[in-house]
2 protein chains.
Amino acid sequence: MGELHGLFNPGRVAVIGSTERDESVGAAVTRNLLDSFDGDVVPVNPNAESVFGVDALDSIEEASDVDLAVVTVPADAVLEVLETCGETGVRNVVVITAGFGEAGEKGAKMERRLAEVAERYELNVVGPNSLGVMSTPIGLNATFGPDDARPGKLSFMSQSGALVTAVIDWANDQQIGFKDVVSLGNEAVLDETDFLREWGDDPGTDVVIGYLEGIDDGGAFIEAAREMSRETPVVLVKSGRTEAGAKAASSHTGSLAGSDRAYEAGFEKAGVLRADSVETLFDAAGMLAGQPLPEGEGVAVITNAGGPGVMTTDAIGDSSLSLASFEGATVQRLRETMPEAANLHNPVDVLGDADNERFQEGLEIVLADENVGAAVVLSAPTAVLEYDRLAEAIVETQREHELPIAVCLMGGERVQKPRERLNEAGLSCYFDPTRAVDGLDTLAGYARIREIEWTEPTTFDVDRARAREILRQVEAREGTRLGVEAMGLLEAYGLPIPESDIVDSADDAHRRAEEIGEPVAMKIVSPDVPHKTDIGGVKVGVELDSVRDAYEEIVTRTRNYHSEATILGVQIQEMVDVEAGVETIVGMNRDPQFGPLLMFGLGGIFVEVLEDTTFRVAPVSAPETREMIDDIDSAPLLYGARGRESVDVDGLVTAIQRLSQLVCDFPAILELDINPLVALPDGVSAIDIRLTVDPEKL
Amino acid sequence: MGELHGLFNPGRVAVIGSTERDESVGAAVTRNLLDSFDGDVVPVNPNAESVFGVDALDSIEEASDVDLAVVTVPADAVLEVLETCGETGVRNVVVITAGFGEAGEKGAKMERRLAEVAERYELNVVGPNSLGVMSTPIGLNATFGPDDARPGKLSFMSQSGALVTAVIDWANDQQIGFKDVVSLGNEAVLDETDFLREWGDDPGTDVVIGYLEGIDDGGAFIEAAREMSRETPVVLVKSGRTEAGAKAASSHTGSLAGSDRAYEAGFEKAGVLRADSVETLFDAAGMLAGQPLPEGEGVAVITNAGGPGVMTTDAIGDSSLSLASFEGATVQRLRETMPEAANLHNPVDVLGDADNERFQEGLEIVLADENVGAAVVLSAPTAVLEYDRLAEAIVETQREHELPIAVCLMGGERVQKPRERLNEAGLSCYFDPTRAVDGLDTLAGYARIREIEWTEPTTFDVDRARAREILRQVEAREGTRLGVEAMGLLEAYGLPIPESDIVDSADDAHRRAEEIGEPVAMKIVSPDVPHKTDIGGVKVGVELDSVRDAYEEIVTRTRNYHSEATILGVQIQEMVDVEAGVETIVGMNRDPQFGPLLMFGLGGIFVEVLEDTTFRVAPVSAPETREMIDDIDSAPLLYGARGRESVDVDGLVTAIQRLSQLVCDFPAILELDINPLVALPDGVSAIDIRLTVDPEKL
């Protein structure tokens, strides 16, 4: 039983601010509760004897055993009401009243005080600025919305109250039901993560769905979701995906829009499925709630209509699924039972003159095939086929075989009754075969989430003290940036770097170049020169003879570029045979919601022109890192495309994990780029580094 | 008036094979006609006095003035019936009978004879194996399907009869209407191209939609579609998009599956919009039939629900549209009329307590903005807003402003009536904002099609005789392949090639290298060595001193690889400074349906690993070629990404057009690759060629 049990399972609900006044929120909430709630409803209003025939109390203090209070009083009275709730032992409060954080600074201040009161009394507070909550098993509709939800197995949270109203109305029409519904409002106390935890423990919730515009604490969200998403699928619409959408979301909720790449990476880590629209959200939820998971990726298609069968096959080709290849025995059994002109191979065409018996027989045969892990049953209306009976047969056959079936009964009014029958049995029924296949694809996606073995990120033996020392260099400076002078940071964390040193005279340059071995690379070391190459501050392949001249030239060029530049010296670096390997870029950016976000891509045009990059939230485990590398389109180049030798991908995986540990150990590192990290056939080598450090966090 | 006028506008329809027999096709067709056809129905059946109370004739010969005959007699009687139709002056025949091309060799033979008869008598024949045809203005339902279509402005053709049945039933439920419907059947005579032509001339058809699995004559299709698609939008589902789907389509129809890239390129050239599913097909058709085209890409969003407003903005971000940026006066007017908390910038949030007046006022204001070319009206249900009145207001406002509006009334049952009102006025009404935006995006896509100025492909002055001479080399050989020995082909068509010659002795090699200027590139010339580089048959950067040795080495290596190889010599070629430019690949493949399909991409990994390629059907005009080049993701590399000099893109455009002319002039060229075609800052240079020639077509 979750911590929010009393919120969704109250025996007694008080409406504070209850009234009969027309079009008022207090009246709407009271009416909704009186209409359908199984428990007691207690109107609270000092100015009323009774509300809709129920005796009203003057104050919540007079009531006993109230499990949930719904607050609709004006904003400036809310804090006092909340205190009273705390004093009288009401643990769960839904604040419907608006005029808090969303309404300017004064409201924001009240909202902070509201959160303080809630903390003091350990109150579970939904809102403020919430439409309310529902829980269908006990008939609880503590919202001011116009409709009750139908009972069902989906629990739904939304950061948009309007969307709750719209969705409930639509869902009722579509025969979609809910267990619990919560309009999150301003989330002063309870947020999406609390409800994930609650519903993860709730046997009545089969699927958690939600509409979110932002997540405050990405880390907590990931942790909570990982705990429960393997048992209870979570599908979310996170809006503000695009630049325009993010701007709109941020002006709507006033929250800082995080990067969508971080959300994408965070959801991936959390095992959360993402939907891009309301329809796809409910298509996904419907399949997840009602269907078993597929056994393998092979799908059988059985149809009485060749053309739609081809469309279905296209949709399978677009998905992560594949058309099952039948066993010989299956084809043989089909041959024995189907007419000569039928197509016995997948997609199976039982032909337009198929009656119910033939259709059902075909379905039985293909579902018995070992290679079939899921099926699409697809039918056009014909004179000889009864949809009602077909629906019944599908329900029965599915019970027997326990494989997921997506049903596509094409047609209009004649589909209504059979669709109801299918829905009752947990089967979704679509018109468009593409959506049926998308539904199965969601199941397959969730099956993959369940199969992932969560591996702990490796903890490497590192020299943390040395790393801290190097980061501290920034304290002595004006800026917050470090460059090649911080290469030791990588060394401290075990990332291979070429032999190198920073010198401050031409003679020393020559001496070190001799020791390192010619030719060498030479780079200016200056916090004031972010783009060393552009100003001629880098020379590669310098022979010993030319080292002194090169030193002078590099320093002179830097001076010419920026006469006041702080020059920390010139780096003399062992040459790495870049031609023998592949240049990669590994970076980190700290996301306001999700924390350290790692980036990986191949160097040069791949990142800059083709934007072929991939992101993960640190810390990353070895399998996660390998997946990250394989994610980019240009990954084949690492594995030896076009006759080249494969690079040391294991070495690359280790290097990225070590970097992940570094940025997790030091929150002071705000961003960091290793560019390039050269991946060679026999190892990797970090050639250059740039980072920004917040000295206050050291 | 189109050639098929009589097919869709008959005054008198005969059903040959008419009967009352239960569940027979002849009975179904007769009943459908008698139920609703405005004209005369003439049953023909020598064994019946009358059918469903209408006097039957023994033969079509006895009837006069029959405009359309629907044939349902057994397959082996069809040919004779057709001859009789021809003799008696019936011009339009729908052959519903199956058992022709789809049923094996005997049927295919009958089908060929059917086509001959049709040609002899100049008959318009639909089918065989067709569900039939419909035309709603005259109540014509000459199909054996269960439902009449509703009247409307869409004309629909389908290569799947089952899909027609399914779609009509569903469309009736969705209040979608049709002008003409045709089930194309086996297309022995009339095919998709004929109906494009017909409907292009038909004032009753606002949009042509279709489901196709294959197009026989791609060239004719493109020509017909280009003629009419700027006046009448065409949206098609072409299935068999994926490998699995293509296999299924080909087993369904027995037709050879063409490459989907060719269909994609062909549709682009034809100005045809493509849909991937039935739902998107009808979403697109609904918008195109009912709405004006947008004026510019700026979209205004007006809503009473912030969350769904953000989702809409995301959908706009995903589309080719953009969120309109309002004029100052618009924001000012909104400020004067909206409450303080409203969002006055796009997306406009009129707030949850908005009544009809406020909503409508907001809509009027944003539609008057010069930067707004289209709008999304998006509403969640609230207690103060009446959807019926909102629908009415939208209809009126749209009439006044003549801009496209996509309407999203979120909710279930309460939306039914307002949706009907909107549909009547040509406005689509969606639940999901994503689909509303997709609808507007389709309009924008069609607006772009209308804006394209069809430019004639340039005809260059070329040496066709020399090209033919070079192609004829293949006649003297066993194989059909030509290599560098055919470089003259490019020269004859004006494509720049480096100076080169083919020699057959080390001394000649040296002499020619001296004339060309060292260093040179040297390549084996042999039809038996397709991959010259792999066997060491290519040397680049050869200095004059080494030319003789290089010659011997190349010949020896070729002999070692293949002792019987025909060696035509060694090519001595001027070196091109590849480093100063960008390697591209230009290729051509002859598609069975669409003919010469040009390919363009950047050399090396871009084509081979990243598959960053683009395709067009030849001949290509200059603007088409430029668009083709700009299509690839790596195009910025041509324009000087990362500080490099831009290559001569104009030169590249010309070179591709010249190649286009070459492959159009010589259908004997089955495939051809120029790899690389080096694009340099000051021109292009074709370095190597491979082609396959069909000597019979020379």
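Numbers below:
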quantity	calculated
Residue-span extension gain [residue B:331 to residue B:231] - 0.36 nm each, minus C-alpha spacing	32.3 nm
Degrees separating the helix B:547-561 axis from the principal Cα axis of chain B, which is the longest one	60 degrees
Which of B:50, A:239 is most accessible, then next, and so on - probe 1.4 Å	B:50, A:239
Rounded Å value of the spacing that divides the Cα centres of region A:592-657 and region B:490-553	41 Å
Candidates per GluC sites (Glu not before Pro) in region B:296-399, loop by DSSP, up to 13 other Cβ within 10 Å	B:340, B:370
Long-range HN-HN contacts of residue B:94 with modeled amide H, under 5 Å	B:69, B:70, B:71, B:126
Ellipticity estimate at 222 nm from DSSP helix runs (n ≥ 4, -39,500 (n - 2.57)) divided over the protein assembly as shown, nearest 500	-11500 deg cm²/dmol
Shortest-first distances to equivalent copies, position residue A:47, nm, label 7 Å out along Cβ	8.7
For residue A:455, inter-copy label distances in nm, listed shortest first [label point 7 Å out on the Cα-Cβ vector]	5.4
Computed magnitude of the charge dipole of region B:275-413 (debye, nearest 20; Cβ of K, R +1, Cβ of D, E -1)	140 debye
Whole-Hz couplings from phi, Karplus 6.51/-1.76/1.60, listed for region A:93-109; x for Gly and Pro	9, 10, 9, 7, 3, 9, x, 9, x, 6, 10, x, 5, 4, x, 4, 5
Inter-copy separations for residue A:325, label at 7 Å along Cα-Cβ, nm, ascending	5.6
Cut-off under 5 Å, modelled amide H: who pairs with residue A:460 long-range	none
Calculated from backbone phi, Karplus (6.51, -1.76, 1.60) coupling profile of region B:629-636 in Hz, x at Gly/Pro	5, 6, 5, 6, 4, 8, 3, x
Between 0 and 90°, nearest 10: helix B:218-228 axis offset from chain B longest Cα axis	50 degrees
Listed residues B:454, B:199, A:170 arranged by accessible area, highest first, probe 1.4 Å	B:454, A:170, B:199
Hz values of 3J(HN,Hα) by residue in region A:297-310 - Karplus curve (6.51, -1.76, 1.60), Gly and Pro given as x	9, x, 10, 9, 10, 10, 8, 9, 9, x, x, x, x, 5
Area of residue A:606 that stays accessible when all protein chains are in place (1.4 Å probe, Å², to 10)	20 Å²
For region B:56-200: rounded, prolate or oblate by the Cα gyration tensor [a/c cutoff 1.5]	prolate
Mean Cα-pair separation over length for chain A, i.e. relative contact order, pairs under 8 Å, 6 or more apart, %	8 percent
Residue-averaged beta-carbon neighbours from other chains (10 angstrom radius) around B:301-309	6
Accessible surface, per residue, of chain B when the full set of protein chains is kept, probe 1.4 Å, Å²	40 Å²
Averaged over A:156-163, number of beta-carbon atoms from partner chains that fall within 10 Å	5
Rounded to 10°, Cα long-axis angle of helix A:278-290 versus longest principal axis of chain A	70 degrees
Other protein chain Cβ atoms within 10 Å, averaged over every residue that makes up B:600-611	3
Charged-residue dipole, Cβ positions (Lys, Arg, Asp, Glu), region A:386-443 about Cα centre, Debye nearest 20	140 debye
Among the listed pairs A:247/B:417; A:109/A:179; A:179/A:238; A:417/B:153, those beyond 28 Å (Cα-Cα)	A:247/B:417; A:109/A:179; A:417/B:153
Residue and distance (whole Å) for the chain B Cβ nearest the axis that superposes B on A	B:610, 4
Cα gyration tensor shape for the protein assembly as shown, rounded if a/c is under 1.5, else prolate or oblate	oblate
Added length on full extension, which subtracts the Cα-Cα distance from 0.36 nm per residue, residue B:402 to residue B:77	111.5 nm
Test item: Cα-centred dipole of chain B, Lys/Arg +1 and Asp/Glu -1 on Cβ, debye	580 debye
Accessible area in the full protein assembly, largest first, 1.4 Å probe, for A:369, B:58	B:58, A:369
Centre separation in Å (Cα based) which lies between region B:162-183 and region B:445-470	40 Å
Two-site FRET efficiency, residue B:119 against residue B:469, from Cβ-Cβ distance with R₀ of 51 Å, rounded to 0.05	0.80
Set of region A:537-554 residues, backbone N closer than 18 Å to the point 7 Å along the Cα-Cβ line of residue A:514	A:542-552
Residue B:552 accessible area, 1.4 Å probe, all protein chains in place, Å² to nearest 10	100 Å²
Candidate lysines - alpha carbon under 27 Å from residue B:539, same-chain residues fewer than 8 apart omitted	B:523
Summed residue charge, Cβ within 14 Å of residue A:465's Cβ, Lys/Arg positive, Asp/Glu negative	-1
With DNA, RNA and ligands ignored, accessible area of residue A:384 (1.4 Å probe; Å², nearest 10)	50 Å²
Sulfur and carbon atoms: percent of accessible area, the protein assembly as shown [1.4 Å]	43 percent
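The values are calculated or read from the model by the stated rules, or taken from the named source; none is laboratory data. This one's a predicted model, so the numbers in the text were calculated from it and none came from an experiment. We place every Cβ from the backbone using ideal geometry, glycine too, and count neighbours over all the protein chains shown. In case anyone asks, the SASA skips ligands and DNA or RNA and just uses the protein heavy atoms, side chains included. Shrake-Rupley method; radii C 1.70, N 1.55, O 1.52, S 1.80 Å.
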